[in-house]
Amino acid sequence: MTSNSAQQDAAVADGTILASSAYADGRHLAARQSIYQWQRPQYDLPGIVVEELADISGTVIDVGCGNGKFVNRLHRDRPDLQVVGMDISAGILADVAKPVLVADAQALPFGDDSIDAVLALHMLYHVSDIAATIEGLARVLRPGGVLIASTNSDADKQELDRLWARAAGDVLGIPEGPARISLSSRFSLEKAPGYLGAAFGGIRVRKLPGVIEVTDPAPVVAHLASYQSWADRSGVPFHETVSRAAEIVASVIATEGTFKISCLGGILTCRH
């Protein structure tokens, strides 16, 4: 691992950045989520979670619930459940259906065997000690409880990785610039079963492949710009690189009609 990669990994798990900048409100997260409007096929991720919880009753905690996309859906579709949204950032919880709790996933404020299901959706890559956090999630689950985690593959959105490296290189005047920061690489779809298998059995992986196709650079620009909280770790003038990326995408669209991005995410369901 290069020094730059190590610094980026540390920044991805920096609680201060997460609570005060990256997820201080829902703006950046919403920008990253919005690009999936152009993905085919489309997946109803909250609906999948609802399906996975079909045989669960009692209490569900959504650890790192962000802007409450899953919490709000569970309140609507499963009013019989006691759903608690939890996040390290108080600001991002403003529009999440209550009850909510400001807490760190690495120090869960719940007793042993007290929770029926835990959601850890696109967030385990943000904790500094992934293995210990998963042990904590297992600790609070009752026997027979379920953990639902999600993340992206190492192969996810590689076109954006190449776009960023090219744009960064152009800005710096070199053939290829530094790699863009990756949020999911610390707990990717390939790494996740190994981490989860240390505490859970019967891990089921549901892969969700797709292709995003845009005819306007704006969604790509919004997605890239949503990483602004880590701009000082990017190794390149951030805003200039985003602008150059927009020019490259516009050029591709002008010649090919669309800009395509291959996606691969996944949901992992684990029984305690």
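The values are calculated or read from the model by the stated rules, or taken from the named source; none is laboratory data. All values derive from a computational prediction rather than experimental measurement. Here Cβ is always computed from backbone atoms with ideal geometry, including for glycine, and neighbour counts include all displayed protein chains.
The table below lists the values:
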item	result
Contacts under 7 angstrom Cβ, first residue in segment 192-212 being under 10 Å from residue 268 (Cβ atoms) and in contact (Cβ under 8 Å) with a residue 12 or more places away in the chain, partner assigned to a strand (DSSP E or B) and of a type in the set (Val, Ile, Thr), 6 or more apart	192/151; 193/203; 193/205; 196/203; 204/269; 206/267
Filter result (more than 19 Å from residue 131 (Cα to Cα), surrounded by fewer than 20 Cβ atoms within 10 Å (Cβ to Cβ) and either in contact with a helix residue (DSSP H, G or I) (Cβ under 6 Å, 6 or more places away or on another chain) or of a type in the set (Phe, Trp, Tyr) (or both)) within segment 86-110	97
Top-ranked residue of segment 53-76 - restricted to ones that are without any contact (Cβ under 8 Å) to a residue 40 or more places away in the chain and touching a Gly at 6+ places or on another chain (Cβ under 8 Å), ranked as nearest to residue 137 (Cα to Cα)	71
Sole residue being in contact with a helix residue (DSSP H, G or I) (Cβ under 9 Å, 6 or more places away or on another chain), free of Cβ contacts under 8 Å to residues at least 40 places away in the same chain and surrounded by 14 or more Cβ atoms within 10 Å (Cβ to Cβ), chosen from 33, 8	33
Members of segment 63-81 that are among the hydrophobic types (A, V, I, L, M, F, W, C) and either under 16 Å from residue 151 (Cβ atoms) or surrounded by fewer than 18 Cβ atoms within 10 Å (Cβ to Cβ) (or both)	63, 65, 70
Verdict on residue 158 being within 19 Å of the chain's Cα centre (by Cα) and modelled with pLDDT of 95 or more	yes
Selected residue (only one of 205, 211 is surrounded by fewer than 18 Cβ atoms within 10 Å (Cβ to Cβ), modelled with pLDDT of 95 or more and within 30 Å of residue 142 (Cα to Cα))	205
Out of 218, 167, sole residue that is out of contact with any Pro (no Cβ under 6 Å at 6 or more places or on another chain), surrounded by 19 or more Cβ atoms within 10 Å (Cβ to Cβ) and more than 26 Å from residue 149 (Cα to Cα)	167
Residues of segment 98-112 that turn out to be farther than 14 Å from residue 64 by Cα and in contact with a Leu (Cβ under 7 Å, 6 or more places away or on another chain), as a count	0
